[in-house]
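Structure, as structure tokens:
The values are calculated or read from the model by the stated rules, or taken from the named source; none is laboratory data. Because the structure is predicted, anything quoted here is derived from the model rather than measured. For neighbour counting, all protein chains shown are included, and Cβ atoms are generated from backbone atoms with ideal geometry for every residue, glycine included. SASA here: full protein model, heavy atoms, side chains in, ligands and nucleic acids out. Shrake-Rupley method; radii C 1.70, N 1.55, O 1.52, S 1.80 Å.
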Amino acid sequence: MNDTDKKAMIARQFIAAIPHSRALDMRVDTVHSGRAELSLPYNERFVGDPESGVLHGGVVTALLDTAMGTAVVSHPQSMGGTATIDLRIDYMRSATKGQRLRAEAECYRVTRSVAFVRATAYDESDEPVAAAAGAFTVEGAKG
Amino acid sequence: MKKPEPVQVIKKRRDEALADLVGGIPYIGFLGVTFERRGDELTATLPYGEHLVGNPILPALHGGAVGAFLEIAAQIELGWQIYWPQFEAGATGPKLIPKTIDFTVDYLRSGLPRDAYARAVVNRSGRRFASVHVEAWQDNRTKLFAQATGHFLMPQIEA
């Protein structure tokens, strides 16, 4: 197994070990050196507006945050876990009722202490639901 | 002079109005968030639960769960203030929840495996937009573990 595969495996285990991600039924779809794609199924228990049946913003936040953390952990320069320092989310529209929610995260810069990450959330269409930018801690970075 | 309303009547009306506002949102129930009221002041509680953990080794609360908790506290505080005059007038029925435009969370320290509390302040509430700040703490009120600011779209209420 090469380094990248090892990282991907670690990232998958990282998510599988998180109770909150399990509670929201999150799944790692792809993960590869600083990039991660996660998704979760629609669930009536996660609804934020009973009139329309759309998911609560907090569910979108949780998925984006986890995808961003996974992107950090899978980055070649990151050697351990991570924690969120700051997270900003812009909600462009509601996720469509009944559709899976998907997040694509990219860790585009890693310094000795901080990882900078951006992410976008979608439902089953290509129009973004939300966009996020965040700073995460880096543990045991190389160089 | 009109006789003041009996205190139990006022309390019952306000508690029911709050329960209606909060109880309609399934995700609040899923996370386990509850609200306490003193007059019009609200405090949100996130009771600790294993399903909120983001780092099982430390253990620490999940950043997403903390962010969601703050967003709920901000959203309910704003809704509560918007509808307060209607509640006081005795109006009931479904309420439109303010929609989040953006939300920025500042994670100050890791969330410990115990209950968390939050209070929100509406810094500005106009005809279309509102800006809300929210602070969360655990053991010590002065030691915040997270804070956030968000902008919300005001629900368009028919006058």
Requested in this report: Determine whether B:Gln156 is modelled with pLDDT of 95 or more and either open to solvent by 60 Å² or more (accessible area, probe 1.4 Å) or polar (S, T, N, Q) (or both).
Outcome: no
Report summary line: Of the residues in the range A:71-90, those that are hydrophobic (A, V, I, L, M, F, W, C), open to solvent by 10 Å² or more (accessible area, probe 1.4 Å) and either on the phi > 0 side of the Ramachandran plot or away from chain B (no Cβ under 12 Å) (or both) come to A:Met79
Query raised in the report: Within the range B:90-113, can you find the residues that are at the interface with chain A (Cβ under 7 Å from one of its Cβ atoms) and under 12 Å from B:Ala136 (Cα atoms)?
Result: B:Val105, B:Asp106, B:Tyr107, B:Ser110
Query raised in the report: Restricting attention to the range B:50-85, which residues are out of contact with any helix residue (DSSP H, G or I) (no Cβ under 8 Å at 6 or more places or on another chain) and among the small types (Gly, Ala, Ser)?
Result: B:Ala60, B:Ala73, B:Ala74
Report task. Would you kindly identify the helices (runs of 4 or more DSSP H) lying entirely within the range B:1-109 that contain at least 2 residues that are free of Cβ contacts under 8 Å to residues at least 60 places away in the same chain and over 19 Å from the mean Cα position of the chain (by Cα)? Result -> B:7-23
Query raised in the report: Can you find even one residue in the range B:47-63 that is modelled with pLDDT under 95, in contact with a Lys or Arg (Cβ under 8 Å, 6 or more places away or on another chain) and either open to solvent by less than 80 Å² (accessible area, probe 1.4 Å) or within 11 Å of another protein chain (Cβ to nearest Cβ) (or both)?
Result: no
Report task. Could you figure out which of (1) open to solvent by 20 Å² or more (accessible area, probe 1.4 Å); (2) in a loop (DSSP other than H, G, I, E, B); (3) touching a residue at least 12 places away in the same chain (Cβ under 8 Å) isn't true of A:Glu51? Result -> (3)
